[in-house]
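Visitor: This is the structure I want to talk about, given as structure tokens.
The values are calculated or read from the model by the stated rules, or taken from the named source; none is laboratory data. Computed from a predicted model, the values in this text were never measured in an experiment. FYI the Cβ positions are ideal-geometry reconstructions off the backbone, even for glycines, and counts take in every protein chain you see.
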Amino acid sequence: MSIILQIETATTVCSVALAKDGETTTVKELNERNIHAEVITLYIEELIAGAGLKYSDIDAVAVSSGPGSYTGLRIGVSTAKGLCFALDKPLIAVETLESMAQGIIAQNNIDAHTLLCPMIDARRMEVYTALFDARGNVVKQTSAEIIDEQSFADQLSAHKILFFGDGAAKCQSVLSNNANALFDVEFINSASHLTLKAAQKYAKGQFEDVAYFEPFYLKDFLVTQKKN
């Protein structure tokens, strides 16, 4: 038996969930920009108290590891590591795009020949993305892509592709002329999407080094300064 606290802060959504034996039991989340630092510890406290648990009852902490928002990832990973240090519990990392693929599969009846393309908003027409098959297996590794009319042309010539996530909306106008391009712009990231992978990693003992683990930023964080 396992009770895993799950944290998702890679996008504008701040989401925490509890999962027991590979099944999500409770979720608390808010989709609002720059809210993560303000609410994340409160949400965790509310979930644990609401479930009638103590912090020591948690068997592991799972966190969405990126790519995504630099600040969001820092807050989520720092919170997860702090809990693991304080409770002496293992840390599980779940790649964000992979958990998104699991989330869309859980919410839809995906045709076996359809590819899944989670997209996380980056700058302008850039997204963090990857391709998965209908079972959640990786078809194309995670990368940062600038989307134009030729993006995914080879894959779209042979497959329907479901584009989803907060990066899909801005790409819809560019890619929607292709009949094989499908869009779910209502999809939001959730800590509940980590459940399957977190349970699998817990069962296999696939834990991170709490002291040295860092989020998967994919790109360096750039700080711009205004000129006087």
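Visitor: Quick one: would you say GLN155 is assigned to a helix (DSSP H, G or I), farther than 21 Å from VAL63 by Cβ and in contact with a Leu (Cβ under 7 Å, 6 or more places away or on another chain)? Let's see the steps before the verdict.
Guide: On the way: assigned to a helix (DSSP H, G or I): yes; farther than 21 Å from VAL63 by Cβ: yes; in contact with a Leu (Cβ under 7 Å, 6 or more places away or on another chain): yes.
It is true that GLN155 is assigned to a helix (DSSP H, G or I), farther than 21 Å from VAL63 by Cβ and in contact with a Leu (Cβ under 7 Å, 6 or more places away or on another chain).
Visitor: While we're looking at this one, here's another question. Being at pLDDT 95 or above and under 22 Å from LEU196 (Cβ atoms) narrows it down to one of LEU42, LEU87, LEU53, LEU30, so name that one.
Guide: Result of the check over LEU42, LEU87, LEU53, LEU30: LEU53.
Visitor: Restricting attention to segment 108-136, which residues are assigned to a strand (DSSP E or B) and aliphatic (A, V, I, L, M)? Step through it out loud before you land on a result.
Guide: Here is the first cut: in segment 108-136, the residues assigned to a strand (DSSP E or B) are 115-121, 126-132.
Of everything in segment 108-136, those that are assigned to a strand (DSSP E or B) and aliphatic (A, V, I, L, M) turn out to be LEU115, LEU116, MET119, ILE120, VAL127, ALA130, LEU131.
Visitor: Yes or no: segment 62-73 includes at least one residue that is in contact with a Phe, Trp or Tyr (Cβ under 6 Å, 6 or more places away or on another chain) and within 19 Å of SER192 (Cβ to Cβ). It would help to see each step written out before you state the result.
Guide: Of all residues in segment 62-73, those in contact with a Phe, Trp or Tyr (Cβ under 6 Å, 6 or more places away or on another chain) come to 65-67, 70.
Pick out the ones that are also within 19 Å of SER192 (Cβ to Cβ) and you get 65-66.
Yes, the conditions are met somewhere in segment 62-73.
Visitor: If you go through segment 20-75, how many residues are among the polar types (S, T, N, Q), closer than 21 Å to TYR202 by Cβ and surrounded by 14 or more Cβ atoms within 10 Å (Cβ to Cβ)?
Guide: From segment 20-75, those among the polar types (S, T, N, Q) are 24-26, 31, 34, 41, 56, 64-65, 69, 71; that's our starting set.
This time we only want the ones that are closer than 21 Å to TYR202 by Cβ, so: 24-26, 56, 64-65.
Subsequent filtering for residues that are surrounded by 14 or more Cβ atoms within 10 Å (Cβ to Cβ) retains 24-26, 64-65.
Total meeting the criteria: 5.
Visitor: Can you tell which of GLU8, GLU45, GLU38 is acidic (Asp, Glu), under 24 Å from LEU131 (Cβ atoms) and not assigned by TED's automatic domain parsing to the domain that holds VAL127? Break it down into steps so the answer makes sense when it comes.
Guide: On the way: GLU45 fails: under 24 Å from LEU131 (Cβ atoms); GLU38 fails: under 24 Å from LEU131 (Cβ atoms).
Residue meeting the stated conditions: GLU8.
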